[in-house]
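Structure first, commentary second.
The values are calculated or read from the model by the stated rules, or taken from the named source; none is laboratory data. What you see is a predicted model, and the numbers here were worked out from it, not measured in a lab. No Cβ is skipped: glycine too gets one built from the backbone with ideal geometry, and neighbour counts run over all protein chains shown.
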Amino acid sequence: MYERPNGRTIRTNRSHVQTAHGLTTTESTVTFHGQAHSTLFFADRPQRVVGHIHTNKFVSDWGEGDNSFAEDPPNAVLSFLEEGDAVPEEVTMVIRDPQLTENTLTYTVEVLDGTLPAKAGPSTLFIDPFGRPLSPVSAAGMNRRDRRRDRRF
């Protein structure tokens, strides 16, 4: 949902983007350090909405509504730079249970493709829309579509 400045609410399939100065990981978690205080969102046709919400609102809304992220955890693509990298690397994963503190944002993760680094520098998390984690046009959906095709042949 998106509330326009005129107070009218419209339904959109929004993707979200979160950024941080760095990250650390374990086998089942990703912790962002120095994360931005706001989470960018955008939606393509028909509404073409762009905006941002405070990250603590994004986290508090995680379980709200039908088909919430708590009920149907989203896929996400993590893009990051390790020291010496010229080109960002990426990992496709399912993210769950966000935990926000003043200085960190931690997700429980299930890696679908790629390898998490123990530590990395600047990072961006591209989160699929609510209720559309398998969409073939989503960031994670495109990678998954390619893997399914590889298995068929």
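For this structure, a couple of remarks:
- The residues of the range 19-59 that are of a type outside the set (Asp, Glu), within 19 Å of residue 94 (Cα to Cα) and either exposed (fewer than 13 other Cβ atoms within 10 Å of the Cβ) or touching a helix residue (DSSP H, G or I) at 6+ places or on another chain (Cβ under 6 Å) (or both), listed by number, are 26, 28, 39.
- Identity of the residue in the range 85-103, within 13 Å of residue 123 (Cα to Cα) and in a strand (DSSP E or B), that ends up farthest from the chain's Cα centre (by Cα): 89
- The listed residues are 82, 64, and the only one of them that is acidic (Asp, Glu), in a loop (DSSP other than H, G, I, E, B), under 17 Å from residue 32 (Cβ atoms) and without any contact (Cβ under 8 Å) to a residue 40 or more places away in the chain turns out to be 82.
- Residue within the range 69-83 that is of a type outside the set (A, V, I, L, M, F, W, C) and modelled with pLDDT under 90 present: yes
- Checklist (1) exposed (fewer than 15 other Cβ atoms within 10 Å of the Cβ); (2) closer than 13 Å to residue 23 by Cβ; (3) of a type in the set (D, E, K, R) applied to residue 89, failing item: (1)
- Counting residues in the range 133-144 that are at pLDDT 95 or above, surrounded by 14 or more Cβ atoms within 10 Å (Cβ to Cβ) and either among the aliphatic types (A, V, I, L, M) or touching a Pro at 6+ places or on another chain (Cβ under 8 Å) (or both) gives zero.
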